[in-house]
Amino acid sequence: MTSCANAPENRPAQSPLYETRSGTKTTHWRFVPLSANPRSFPSPGEFAHVAARCGGEPVCLAERGFYPTQCNDGVDNDADGLIDYPADPGCALPDALKEAPACDDGKDNDGDGHTDWDGAGFSHPDAECAGDASRDRERPDRSRSSWNPF
């Protein structure tokens, strides 16, 4: 039996959201494990313990695998003039980790001469992004290979 890398049982589970509050500001966090398929995620109590030991310091939390979400923080993290979900096309959801995934970062990440979901204003759109700015991976299109056996 062949296993597909994108089959639900082979996809890494997504971390629950954790939150910290400082005055009126709430920050949402996701846990990004070192292994591809963690057996479990920290409980909210475990996160609270780590956050307290770190004093809410983002660098300390990141060293322990917790990262703030960028699509609901009120900041234009990718400097495209658009802030957060739903205004920023790089944000698929309000709790997404990055505002500038590979399909919305203004770069030709896979070197195929096509850029992002919209062409980034200077090239043709990348077919691998398929009109979806929130995808975080541009892969080379093997059908456009320049290899010629003759």
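Figures for the structure shown
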{"read-out": "Residues being of a type in the set (Gly, Ala, Ser) and either over 28 Å from residue 31 (Cβ atoms) or modelled with pLDDT under 85 (or both) - total across the stretch 71-103", "value": "5"}
{"read-out": "Wholly within the stretch 17-103, strands (runs of 3 or more DSSP E) carrying at least 2 residues that are exposed (fewer than 13 other Cβ atoms within 10 Å of the Cβ)", "value": "18-22, 25-31"}
{"read-out": "Pairs, first closer than 17 Å to residue 26 by Cβ in the stretch 45-56, second hydroxyl-bearing (Ser, Thr, Tyr) and exposed (fewer than 14 other Cβ atoms within 10 Å of the Cβ), C-beta under 8 Å, six or more apart", "value": "56/22"}
{"read-out": "Candidate set: the stretch 104-126, residues that are surrounded by 14 or more Cβ atoms within 10 Å (Cβ to Cβ) and in a helix (DSSP H, G or I); chosen: the one modelled with the lowest pLDDT", "value": "120"}
{"read-out": "Members of the stretch 108-126 that are touching a helix residue (DSSP H, G or I) at 6+ places or on another chain (Cβ under 9 Å), touching a residue at least 12 places away in the same chain (Cβ under 8 Å) and more than 12 Å from residue 89 (Cβ to Cβ)", "value": "108, 109, 110, 112, 114, 126"}
{"read-out": "Residues of the stretch 127-150 that turn out to be closer than 20 Å to residue 87 by Cα, modelled with pLDDT of 80 or more and surrounded by fewer than 16 Cβ atoms within 10 Å (Cβ to Cβ), as a count", "value": "0"}
{"read-out": "Filtered residues of the stretch 37-75 (kept if in contact with a strand residue (DSSP E or B) (Cβ under 8 Å, 6 or more places away or on another chain) and charged (D, E, K, R))", "value": "73"}
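The values are calculated or read from the model by the stated rules, or taken from the named source; none is laboratory data. Only a predicted model underlies this, so the values are computations on that prediction, with no experimental measurement involved. Heads up, the Cβs are rebuilt from the backbone with ideal geometry, glycines too, and the neighbour counts pull from every protein chain shown.
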